[in-house]
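Readers should treat all values here as calculations from the given coordinates under stated rules, not as data from a laboratory. Nothing here was measured: the structure is a model prediction, and the numbers come from that model. Quick reminder, even Gly has a Cβ in these numbers, built from the backbone with ideal geometry, and neighbours come from all protein chains shown.
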Amino acid sequence: MRTYSSNAQLQSALRGFRHNGQSIGFVPTMGNLHEGHLDLVRKARQLCDIVVVSIFINPLQFGPSDDLDAYPRTLAADKEKLFSEGVQVLYTPGVKDIYPEGMQAQTLVHVPDLGETLCGSSRPGHFDGVTTVVSKLFNIVQPDIAVFGEKDFQQLSIVRKMVKDLCIPINIVGVATTRDEDGLAKSSRNGYLSFEQRRIAPTLNQTLNSCREAIACGFDNFFELESHARIKLLQAGFDADYFAVRDAHTLLAVTEDTEEIAILAAACLGSTRLIDNVRLSLNPVSDWGMLASGH
Ligand code: PAF
């Protein structure tokens, strides 16, 4: 595995691969890699000849109340994991490589609407930081495909919209959430949970699944479902930020045109903010039409 932190050296190596007709799959990360990240790497390996993984803790996506300094830095362990997965190229730029003129001077990429709801309203500026760094990384690496986890469903939707709106010629591939046996979505943040919080944490996924089952059975008072779920989370010991039943494509309220529902939640256990989502396809569409009109 070759490791580069200089953009120029990385780009020169990638030119060589492209010249040989090899396709490039890209997995952007902030390090502290777990099985969920490795599933993204495996997907990129299946689809492409060369896999490039970036590890860059992007300060631009951290808000003033997020503890950037406390973010786990585990480069040696990350490298071993990527090497074992057969990754050919690791890109580990420094802040100066990505923001040579400083973050204040950086042109920002802003995705409207999708980027302003849910996590976007609780974490102002977060998604601008994500889309800005992802578009820079895309321009530096110029991959054929880029792989993102469905656990960060809103992030994935925003990246897809950015790529479409800006005509970026990269195929975005989403990978299903990797979970522990009890349903807890794998996340770097799980490492912050105390023993007791880890015991409570799967309730988030259980609550999402119960809501999904209720909708699948025909219950269509989403407001009531959301309120019920928030109470359940509160009783379990969470401080719920949001629990929302949305159209999976627009992340807005469900309408008669909705073909797939996404149920998304963000909730804190102590100071650890966990997110998760589940989806439900409304198929055939005519059944949903009947459901929505109360028949
Ligand atoms: O999902 C993440 O780890 C980050 O948001 C990403 C996509 C690597 C951008 O910094």
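For the chain, no complete DSSP H run has alpha carbons reaching 24 Å or more along its own long axis together with a mean Kyte-Doolittle score of 0.0 or higher. Based on alpha carbons, the Rg and Dmax found for the stretch 1-108 are 14.7, 46 Å.
Using a Gaussian network model of the chain whose springs link C-alpha atoms within less than 10 Å, name the residue from Leu33, Leu208, Leu108 with the highest mean-square fluctuation. Between Leu33, Leu208, Leu108, it is Leu108 that shows the largest mean-square fluctuation. Ranking Ala146, Val87, Gly270 by how far each Cα lies toward the positive end of the dipole of the chain (charges on Cβ) leaves Val87 at the top. Between amide H atoms placed 1.01 Å from N, distances below 5 Å from Ala240 occur with Cys268, all of them 5 or more places distant or on a separate chain. For the chain, the mean residue ellipticity at 222 nm estimated from helices alone is -11500 deg cm²/dmol, where every DSSP H run of n ≥ 4 contributes -39500 (n - 2.57) and the total is divided by all residues, rounded to the nearest 500.
Equivalent-ellipsoid semi-axes for the stretch 138-295 (Cα gyration tensor, √(5λ), whole Å, largest first): 26, 25, 12.
Full extension of the chain segment joining Asn209 with Ser122 gains 29.0 nm, where the gain is 0.36 nm per residue of separation less the Cα-Cα distance.
With Cα atoms defining each centre, the stretch 1-48 and the stretch 258-279 are spaced 29 Å apart in the structure. Between the residues Pro124, Ala76, Ile172, the greatest Cα displacement towards the positive end of the dipole of the stretch 57-175, with unit charges on the Cβ of Lys, Arg, Asp and Glu, is found for Ile172. Cα convex hull, the chain: 140 Å³ per residue, rounded to a whole number.
Rounded to the nearest 20, the size of the Cβ-charge dipole of the chain about its Cα centre is 1020 debye, with Lys and Arg at +1 and Asp and Glu at -1. Across the options Phe219, Val254, Gln235, the greatest Cα extent toward the positive end of the charge dipole of the stretch 203-261 (unit charges at beta carbon of Lys, Arg, Asp, Glu) belongs to Gln235. Counted over the chain, the DSSP beta bridges are approximately 50% antiparallel.
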